Amino acid sequence: MANTTGLNTTEVIGSVGLVLAAFLEAVTLLGNGALLSVVLRTPGLCDAFYLTHLCVVDLLAAASIMPLGLLAAPPLGLGSVHLGQAPCRAVRFLSAALLPACTLSVAALGLARYRLIVHPLRPGAQTSPALVLAVVWASAGLLGALSLLGPPPAPPPAPARCSVLAGGLGPFRPLWALLAFALPALLLLGAYGSIFLVARRAALRPPRPSRGSRLRSDSLDSRLSILPPLRPRLPGGKAALAPALTVGQFAACWLPYGCACLAPPTQAASAEAAVTWVAYSAFAAHPFLYGLLQRPVRRAMGRLAHRVLSRTPRTCALQAWHPRTLQQLNQAHPESPALGPSEVPEQVPEAEGSLNMPQAT
């Protein structure tokens, strides 16, 4: 009885995990596809190149490692497909290459926004986006190649552990975690911390008096109008929202996976499914975090939604049944099959006479 209850609990947990993973896969595909189409149709975005690259990396992950996680994931019942040694090595390489590509792309996007906000008029601080992304993919390829140096997968009778956490990197796991998670986290923290400091200084700076402004009088009403509010707000609170959300999302999604890479393989394998899909949730969060927080992207999405909603034929269908519209259609097409020849109203000669009377006079 106890074994049956344990099996049922495991099956329920596996089924719920499978549904959540499939939902995460669908949100990743739809969100990144929609954001990519909006960014390509929106001219004037300063970081459109990096944002497009991030969407492409998320779509590559959603088309490769996430379906493989659904089909051949270990413990929690997320799939039951057993992979051979060659497919298992391919899965290890894709995981070890695409995850650093995603984290380094996020760091590159943060550094690009730092340059645009902190040093907007300094031409020497501008770096070619193609060069930056070439460095990102070269680093991702080298980190993916480290997975091929790890121990081979288990023979076919034993379950093949094809992930990075379960012995995929061998002794290179700490180095991979350092370059894939610690370095992007430090770059992201430094970039958005500098952005927050600049925004807070701008919020603390008193506004400059405009030209031609009148001097404030020394009356009692004037003194009361310059008193501070009863509940003072923290300067730069709105400017801290975007850095806090970005750094918080990166830490919540990637910190458990990075810590699991530093743990012993047996402990990492026990929490492999949960930690892996928490990291995969970053692919679904990027369209909402990096797309909807930008005002031009929100405006472009609003315009596209307005175009889609304006194409609905509801108003045309309602106007088509209006009596005046039906009368105009019948007068314009008297030989249409809607009215027989006996039902067509005959023209009254008096109306013709009344119309020709001005000509006769």
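The values are calculated or read from the model by the stated rules, or taken from the named source; none is laboratory data. Everything numeric here is computed off the predicted structure, so don't read it as measured data. Positions of Cβ are generated from backbone atoms using ideal geometry, with glycine treated the same way; all protein chains shown enter the neighbour counts.
Of note:
- Pair list, Cβ < 6 Å and 6+ apart or interchain, from the range 47-58 residues that are without any contact (Cβ under 8 Å) to a residue 40 or more places away in the chain and small (Gly, Ala, Ser) to residues that are crowded, with 20+ Cβ neighbours inside 10 Å and in a helix (DSSP H, G or I): 48/39
- Sole exception among (1) modelled with pLDDT under 90; (2) in a helix (DSSP H, G or I); (3) closer than 26 Å to residue 256 by Cα for residue 105, by number: (1)
- Residue tally, condition under 17 Å from residue 112 (Cβ atoms), among the small types (Gly, Ala, Ser) and crowded, with 23+ Cβ neighbours inside 10 Å, over the range 36-62: 0
- Residue that is modelled with the lowest pLDDT, among those in the range 159-183 that are in a loop (DSSP other than H, G, I, E, B) and in contact with a Leu (Cβ under 7 Å, 6 or more places away or on another chain): 160
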